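Reviewing the structure listed below.
The values are calculated or read from the model by the stated rules, or taken from the named source; none is laboratory data. Here the structure is a predicted model, which means the values were calculated and not measured. FYI the Cβ positions are ideal-geometry reconstructions off the backbone, even for glycines, and counts take in every protein chain you see.
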Amino acid sequence: MISIKEVTKQTGISVRTLRYYDEINLLPPAGKTEGGHRLYGEKELKKLQEIQFLKTLGFNLKEISDMLSDEDWDWAQGLESQLNYIMKEKEKILEIESTLKGLKNGLTIDGKIDLVYLNKLIQLYKQDTEKRKLYREQYFHAQESELLDLLPNMNRNDPDTLEWIALIGQLKQHRDKGSDAPEIQRIIRRIHEKTIETFGDNENFFDKVWEVRKSPEKSQKVGFYPIEQDLIDFFERAWDIFMENYEEE
């Protein structure tokens, strides 16, 4: 027999937790000293290990109590039920991860976060998933649909997406210098290079994407991240200037 303090020392489980397990009859001690201090034997220590293991699998204390006290407990059903619960929780975590990446990338572009607006945007996109898919299929043919997957995704952190986002953020940061400013034209040049690197010589596809991007309504239907219209207009002016100079090179 060992004391409650010795159990704490061996397992790292607090005295308070052990007392609570006793109170709810999950892990009563094997006995007590004359002074009323709890004592634990090998059987209790083994059960404590089982409790802690089941907790790591996500079971709550009520479930653990039922599992360990019922000799006829249906382990197959219990484990299957817990697995389904964990899979749903995993989906929630992945969704939260994706949203956090989107918020972080949105901050890079906009320099601020409007949580109310972004929540409405997220909910809207969740509701219209099938509609967006149908619209894309109507607007882009099969080969172009594959190219759409190469576009930056605000909810990803891959190197290409991060570079696209950084370029848009830089464009917004320096736009007060004018569309023909050297800083702006360097950004546009890199955007042009990256467009060729990513999509190759697919001018028709690029024109379609740009037509959608210029329309807030079409952008929403396709699922593009919303960018304010004045930045779109500024980019178009800067792009036209770049292309005039590029064709003369």
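For the condition among the small types (Gly, Ala, Ser), surrounded by 15 or more Cβ atoms within 10 Å (Cβ to Cβ) and in the same structural domain as Ile109 (by TED's automatic domain parsing), what is the one hit in Ser145, Ser219?
Every option except Ser219 fails the conditions.
Given (1) over 24 Å from the mean Cα position of the chain (by Cα); (2) touching a residue at least 60 places away in the same chain (Cβ under 8 Å); (3) surrounded by 17 or more Cβ atoms within 10 Å (Cβ to Cβ), where does Met154 come up short, assuming only one miss?
With (1) over 24 Å from the mean Cα position of the chain (by Cα); (2) touching a residue at least 60 places away in the same chain (Cβ under 8 Å); (3) surrounded by 17 or more Cβ atoms within 10 Å (Cβ to Cβ) applied to Met154, the lone miss is (1).
Taking the stated definitions as given, is Glu197 more than 16 Å from Leu147 (Cα to Cα) and of a type in the set (D, E, K, R)?
no
Could you check segment 54-106 and list, in sequence order, the residues that are more than 30 Å from Met154 (Cβ to Cβ) and either β-branched (Val, Ile, Thr) or touching a Pro at 6+ places or on another chain (Cβ under 9 Å) (or both)?
Those that are more than 30 Å from Met154 (Cβ to Cβ) and either β-branched (Val, Ile, Thr) or touching a Pro at 6+ places or on another chain (Cβ under 9 Å) (or both): Thr56, Ile64.
Within segment 1-59, which residues are basic (Lys, Arg) and without any contact (Cβ under 8 Å) to a residue 12 or more places away in the chain?
Across segment 1-59, the qualifying residues are Lys5, Lys9, Arg16, Lys32, Lys46, Lys55.
If you scan segment 66-111, which residues turn out to be charged (D, E, K, R) and within 30 Å of Gly169 (Cβ to Cβ)?
Lys92, Glu95, Glu97, Lys101, Lys104, Asp110 - these are the residues of segment 66-111 that are charged (D, E, K, R) and within 30 Å of Gly169 (Cβ to Cβ).
Could you check Ser219 against (1) at pLDDT 85 or above; (2) among the hydroxyl-bearing types (Ser, Thr, Tyr); (3) within 23 Å of Arg132 (Cα to Cα) and say which number it fails?
Among (1) at pLDDT 85 or above; (2) among the hydroxyl-bearing types (Ser, Thr, Tyr); (3) within 23 Å of Arg132 (Cα to Cα), the lone unmet condition for Ser219 is (1).
Within segment 19-38, how many residues turn out to be within 19 Å of Met67 (Cβ to Cβ) and touching a helix residue (DSSP H, G or I) at 6+ places or on another chain (Cβ under 6 Å)?
3
Looking for whichever is more than 30 Å from Gln229 (Cβ to Cβ) and part of a helix (DSSP H, G or I) here; the options are Leu94, Leu39, Leu103. Which one fits?
Just a single option satisfies the conditions, and that option is Leu94.
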